[in-house]
1. Filter region 110-132 for residues that are on the phi < 0 side of the Ramachandran plot, not in a helix (DSSP H, G or I) and not polar (S, T, N, Q); which is surrounded by the fewest Cβ atoms within 10 Å (Cβ to Cβ)?
2. Which residue pairs have Cβ atoms closer than 6 Å, lie 6 or more positions apart in sequence or on different chains, and pair a first residue in region 119-140 that is over 18 Å from K103 (Cβ atoms) and touching a residue at least 60 places away in the same chain (Cβ under 8 Å) with a second residue that is part of a helix (DSSP H, G or I) and among the hydrophobic types (A, V, I, L, M, F, W, C)?
3. Return yes when Q113 is under 16 Å from A75 (Cβ atoms) and among the polar types (S, T, N, Q) and no when it is not.
4. Scan region 116-132 and tell me whether some residue there is over 17 Å from the mean Cα position of the chain (by Cα), among the hydrophobic types (A, V, I, L, M, F, W, C) and assigned by TED's automatic domain parsing to the domain that holds E67.
5. Looking at E107, is it modelled with pLDDT under 95, assigned by TED's automatic domain parsing to the domain that holds R145, part of a helix (DSSP H, G or I) and not hydrophobic (A, V, I, L, M, F, W, C)?
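The values are calculated or read from the model by the stated rules, or taken from the named source; none is laboratory data. This structure is a prediction, so every number in the text was calculated from the model and none was measured. Note that each Cβ is placed from the backbone with ideal geometry, even for glycine, and that neighbours are counted across all protein chains shown.
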Amino acid sequence: MQKRRPLLAQEEREEKQREKDQQRKRKRRGSDSVSTSLCHPHQCSYGGRSSTPEVVFPASPLLSLGEPRRDLLKAYDVWQIYQASDDEKESYLCIQHLNLERKYDLEMIVSNQQRVFQYYLDNDVPEGVAWHYVSDIKAFYKLRREEQAKNAP
């Protein structure tokens, strides 16, 4: 009787293995019709737009505040960081670095929002931070202009 038990256990294991094998075969048969294609960046789009939108060159400057571009960008960075929560501040510092690397200024960013937004995302900036950074520039210009008007002689 003791020999019979191991035989039954062995048969049960073999039966379970056959069932598993048949399940795998069924899954494979269904996947034969599935095909994949390689998507190259220049062929595919992200959300209906190309992954690297064209650079836009505005017909006229955004605003002239009479300040050097780099100084204005630094002031904008300070303004953004001031509004950020502690956990977001590092992301804004990352954006500062990315802007310096590409030599972006506020006019270029506001004229090429989708392109710059995607660049930030590609460099691991969280979507919300990237969105605010590219979207808040006009509000910043308005505040800056109001400050200049108050301080004008």
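1. The qualifying residue surrounded by the fewest Cβ atoms within 10 Å (Cβ to Cβ) is P126.
2. The qualifying pairs are F140/W79.
3. no
4. no
5. The answer is yes for E107.
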